[in-house]
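*Asks:* Take a look at the following structure, please.
The values are calculated or read from the model by the stated rules, or taken from the named source; none is laboratory data. As the structure is a computational prediction, the values presented were derived from the model and not from experiment. No Cβ is skipped: glycine too gets one built from the backbone with ideal geometry, and neighbour counts run over all protein chains shown. When the accessible area is computed, the model is the full protein with side chains, heavy atoms only, and any ligands, DNA or RNA have been set aside. Shrake-Rupley method; radii C 1.70, N 1.55, O 1.52, S 1.80 Å.
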Amino acid sequence: MAVSAENKRRLVTAALVGPAAVWLFTFLVLPFTAVVIFAFGERAPEGGYQPAFTLAQFANLGARSAAFANTLTLAPIGALACLLIAYPVAYYLAIKADQKYRMLLISLIVIPFWTSMLVRTYAWMYLLGARGIPHLFELAGIDDVRLLNTPGAVLLGIVYGYLPLMILPIYVSLEKLDRRLLDASADLGASPVSTFFGVTLPLSLPGVMTGVALVTILLLGEYLIPQLLGGGKVFFIGNALVDLFLQSRNWPFGSAIAVTLVVVVVAVLLVAMRIAWRVSGSRQVDLI
């Protein structure tokens with residue numbers, strides 16, 4: 001029995017999409033479903049999960065208010081700091097840099113990703129520690145300079161670690177910019193500043209929103225940088241989850257925090273998509 005062309009296309013689509021769908025369902029949907037179930041349970045006397053149906057875990061979210069406050073404060077600030085540094089860099093790479101050196105400059109931005117985040121963060125621990133930058137201040141006669149284990153150290157680590165993820169989407173957006181629009185703006189008498197705010201910035205906003213959403217979402221779940229550069233004094237939600245699941249063994253409370261974090265991430269993504277759609281005038285904007 002002959003198979004129609006339409007059925008062949010469906011079979012090919014199923015063969016291509018099927019493995020990815022199974023993988024996502026097995027390693028994303030099922031684990032998250034388990035986390036949601038745990039969130040409505042109770043902590044067993046010996047730790048872990050005990051079946052129940054209660055909202056007590058969500059009502060107790062205030063017990064980790066410091067972790068939420070640090071995350072919801074430093075994550076947006078870190079994303080904004082990355083944006084303020086990344087945009088001029090991306091603009092130079094896409095608009096001003098010589099074509100023959102452009103790929104070399106982009107490679108220099110990407111190269112740090114070839115090194116483990118753990119190693120790079122440890123390097124900052126040394127630089128910000130007593131034998132690093134504070135020691136230089138002591139030699140200059142300035143004592144008691146404390147950089148490590150502070151919100152500033154965490155923010156510095158965030159900017160250093162996530163800056164490339166902000167530069168690349170903005171660069172891609174600017175690189176696709178039609179240069180004739182810039183020339184037309186100049187021919188019509190607009191100043192460089194007016195051209196930037198009237199042409200360049202609006203057309204690059206989808207890339208900006210992509211970078212902001214990507215960095216912010218990753219920062220909401222950050223664990224390593226606050227743990228090492230914050231020294232246990234600057235807790236993020238990721239640090240609270242590690243404590244609840246591995247040390248306190250309060251799986252229901254940890255699951256409630258994890259579900260709340262996912263809701264916050266989805267909200268951030270929806271807001272970013274909404275802004276990008278309004279700016280672009282179309283719903284064909286990809287943020288992930």
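*Asks:* Please report, largest first and rounded to whole Å, the three semi-axes of the ellipsoid equivalent to the range 40-147, where each semi-axis is the square root of five times an eigenvalue of the C-alpha gyration tensor.
*Replies:* Taking √(5λ) for each eigenvalue gives 41, 26, 16 Å, largest first.
*Asks:* Another one. With a ≥ b ≥ c taken as the square roots of the eigenvalues of the C-alpha gyration tensor of the chain, please select rounded if a/c is under 1.5 and otherwise prolate if a/b is larger than b/c or oblate if it is not?
*Replies:* Here the chain falls in the oblate category.
*Asks:* Calculate the length of the line joining the C-alpha centroid of the range 24-73 to that of the range 74-134, in whole Å.
*Replies:* One Cα centre to the other: 35 Å.
*Asks:* Let me know the charge dipole size of the chain about its Cα centre in debye, to the nearest 20, where only the beta-carbon of Lys, Arg (+1) and Asp, Glu (-1) is charged.
*Replies:* 580 debye
*Asks:* Which order do peptides 196-202, 21-27, 69-75, 58-64 fall in by mean Cβ count within 10 Å, highest first?
*Replies:* Ranked by mean Cβ neighbours within 10 Å, highest first: 69-75, 196-202, 58-64, 21-27.
*Asks:* At 1.4 Å probe size, with the rest of the protein present, what percent of the exposed accessible area of the chain is carbon and sulfur atoms?
*Replies:* Whole-percent figure for carbon plus sulfur exposure: 69.
*Asks:* If you rank Ser4, Ser173 by how much accessible surface each has, with a 1.4 Å probe, what is the order from largest down?
*Replies:* Descending accessible area places them as Ser4, Ser173.
*Asks:* Given the whole protein assembly as supplied and a 1.4 Å probe, what does the accessible area of Ile85 come to in Å², nearest 10?
*Replies:* 80 Å²
*Asks:* With θ taken as phi - 60° and the coefficients 6.51, -1.76 and 1.60, list the Karplus ³J(HN,Hα) couplings across the range 240-248 in order, rounded to whole Hz; mark glycine and proline as x.
*Replies:* 5, 5, 4, 5, 6, 7, 9, 10, 6
*Asks:* Residue separation times 0.36 nm, minus the C-alpha to C-alpha distance between Ala190 and Ile37: what's the value?
*Replies:* Separation in residues times 0.36 nm, less the Cα-Cα distance, equals 49.2 nm.
*Asks:* Considering amide H positions built from the backbone, and no H for Pro or chain starts, which residues 5 or more places from Glu42, or on another chain, come under 5 Å of its amide H?
*Replies:* Gln50, Ala52
*Asks:* If you don't mind, there's one more thing I want to ask. Which of Leu74, Trp251, Thr150 sits farthest toward the positive end of the charge dipole of the range 65-280, with +1 on the Cβ of Lys and Arg and -1 on the Cβ of Asp and Glu?
*Replies:* Trp251
*Asks:* Heavy atoms only, probe 1.4 angstrom, no DNA, RNA or ligands counted: give me Ile257, Ile77 ranked by accessible area, highest first.
*Replies:* Ranked list, largest accessible area first: Ile77, Ile257.
*Asks:* Skip the ligands, DNA and RNA, and give the accessible area per residue of the chain with a 1.4 Å probe, whole Å².
*Replies:* Roughly 58 Å² per residue, with all protein chains present.
*Asks:* What list of ³J(HN,Hα) couplings, whole Hz, do you get for the range 199-213 from phi and the Karplus terms 6.51, -1.76, 1.60, once you set θ to phi - 60° and write x for glycine and proline?
*Replies:* Per-residue couplings from phi come out as 10, 5, 4, x, 6, 9, 4, x, x, 4, 5, 4, x, 5, 5 Hz.
*Asks:* If you place +1 on the Cβ of every Lys and Arg, -1 on the Cβ of every Asp and Glu, and leave all else neutral, what size is the dipole of the range 15-163 about its Cα centre, to the nearest 20 Debye?
*Replies:* 420 debye
*Asks:* With a cut-off of 8 Å between alpha carbons and a minimum separation of six or more residues, what is the relative contact order of the chain in percent?
*Replies:* The normalised contact order for the chain reaches 27 percent.
*Asks:* ³J(HN,Hα) across the range 145-159 via Karplus (A = 6.51, B = -1.76, C = 1.60, θ = phi - 60°), whole Hz, x for Gly/Pro?
*Replies:* 8, 10, 10, 6, 6, 10, x, x, 5, 4, 5, 4, x, 5, 4
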